[in-house]
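Read the structure below first, then the notes.
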Amino acid sequence: MKCHNRAQYDAHAEFYHRKRRSKTSGYWNEFVDWPAVRALLRGETRGRRVLDLGCGTGILCGRFRGAASVTGVDNSAAMLAIARRGNPSARFVLADAARTGLASGDFDTVCAALLPHYFRDLRPLFTEAARLLRPGGVFVFSMHHPFGEITDCKRGRITGPYFSRIRYMWNMGEMKMASYHHTMEDIAQTLHRCGFAVEQLLEPRPLPSSRRHDPKSYAAASRYPSFCAVKARKIPVWNADWGKPGTRAGNCRNPSASAGRAAKTGAFSRRGHI
Ligand SMILES: C[S@@+](CC[C@H](N)C(=O)[O-])C[C@H]1O[C@@H](n2cnc3c(N)ncnc32)[C@H](O)[C@@H]1O
């Protein structure tokens with residue numbers, strides 16, 4: 001199962017890129033997720049060394065205008081090939097976002113749009129983001145909303161238990177994706193454990209002007225949260241051991257650890273929407 005998503009992105013990269021750029025099939029990215037990520041990145045890209053984890057086909061890399069440098073990391077070679085095509089001045093690295101091999105403290109801003117839900121355990125990803133940031137740098141990410149993950153927002157039905165941290169399958173057009181449910185508490189606790197202070201948390205609703213592009217998605221996205229977007233700052237005094245078990249709030253149970261156990265006990269499907 002480890003490489004399931006990478007195989008999907010590798011096999012369908014051109015499809016994904018076309019979909020992502022369309023105002024209708026890319027509706028959720030463009031009119032729900034991106035406005036929130038953009039708001040959180042305001043003032044954090046101009047003149048900054050920006051790293052885009054899970055950069056996909058590089059669409060956001062092209063939007064960090066005025067950045068001192070842009071680096072994109074993705075574990076799909078096919079997605080990166082498209083990213084390179086559209087962003088000749090950016091640097092791209094084929095790597096797991098949780099083990100990039102990049103130098104510590106080399107970035108002012110780390111962005112990870114719609115990436116963390118692919119991680120069973122958020123800790124390795126958040127620890128890597130903290131390692132790569134300079135003290136005081138910002139981490140902006142978005143992911144499937146914990147409530148949206150267990151809700152069929154088009155039919156208005158709850159589809160899964162909130163507190164069972166399980167793997168779920170969903171469809172993105174012809175792509176069959178696997179993701180992991182995390183509770184809001186998991187997300188907040190893991191950020192804290194990895195040395196971040198949360199500055200903002202958004203539950204994005206669609207831009208009103210986007211209704212004309214896809215009225216059904218507009219209605220669905222207006223009823224329930226599909227994504228959450230977070231801006232967290234690396235605390236100035238940071239310890240590289242904090243992501244490890246038993247450190248920083250060490251007597252607090254690792255909130256993501258039970259995800260793996262729960263994944264073995266069952267999975268639920270979710271109607272895909274991005
Ligand atoms: C939904 S796309 C988002 C792309 C981009 N952030 C955007 O908003 O346009 C998720 C991307 O994350 C990448 N990805 C998933 N798991 C990853 C991992 N463990 N390491 C690096 N990239 C990963 C996928 O290959 C895909 O390109």
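Each reported figure results from applying straightforward, stated rules to the coordinates on display, with no laboratory input. No experiment lies behind these values; they were computed from the predicted model shown. We place every Cβ from the backbone using ideal geometry, glycine too, and count neighbours over all the protein chains shown.
Can you name the residue in segment 99-116 that is within 11 Å of the ligand (Cβ to nearest atom) and touching a strand residue (DSSP E or B) at 6+ places or on another chain (Cβ under 7 Å) and, of all such residues, is nearest to HIS182 (Cα to Cα)? Here the answer is PRO116. Would you mind stating whether SER209 is buried (at least 23 other Cβ atoms within 10 Å of the Cβ) and of a type outside the set (A, V, I, L, M)? In short, no. Could you tell me whether any residue of segment 165-172 is closer than 24 Å to GLY243 by Cβ, in contact (Cβ under 8 Å) with a residue 12 or more places away in the chain and not hydrophobic (A, V, I, L, M, F, W, C)? For segment 165-172, residues closer than 24 Å to GLY243 by Cβ, in contact (Cβ under 8 Å) with a residue 12 or more places away in the chain and not hydrophobic (A, V, I, L, M, F, W, C): present. Determine whether ASP96 is within 13 Å of the ligand (Cβ to nearest atom), touching a residue at least 12 places away in the same chain (Cβ under 8 Å) and crowded, with 24+ Cβ neighbours inside 10 Å. No: the conditions fail for ASP96. Only one of the numbered conditions (1) surrounded by 20 or more Cβ atoms within 10 Å (Cβ to Cβ); (2) under 22 Å from PRO35 (Cα atoms); (3) within 16 Å of the ligand (Cβ to nearest atom) is violated by PHE119, and that is (2).
A residue that is within 12 Å of the ligand (Cβ to nearest atom), within 19 Å of CYS228 (Cα to Cα) and within 14 Å of the chain's Cα centre (by Cα) can be found somewhere in segment 144-159.
The set of residues in segment 75-90 that are charged (D, E, K, R) and either touching a strand residue (DSSP E or B) at 6+ places or on another chain (Cβ under 6 Å) or near the ligand (Cβ under 9 Å from one of its atoms) (or both) contains only ARG84. Applying a threshold of 6 Å to beta carbon distances and a minimum spacing of six or more residues, or different chains, the list of pairs starting in segment 216-227 at a residue that is within 14 Å of ILE150 (Cβ to Cβ) and in contact (Cβ under 8 Å) with a residue 40 or more places away in the chain and ending at one that is of a type in the set (Phe, Trp, Tyr) and assigned to a loop (DSSP other than H, G, I, E, B) reads PRO225/PHE147.
Selection within segment 75-93: residues that are surrounded by fewer than 20 Cβ atoms within 10 Å (Cβ to Cβ) and without any contact (Cβ under 8 Å) to a residue 60 or more places away in the chain. The member of this set that is nearest to the chain's Cα centre (by Cα) is VAL93.
Residues of segment 144-159 that are of a type in the set (D, E, K, R) and assigned to a strand (DSSP E or B): ASP152, ARG157.
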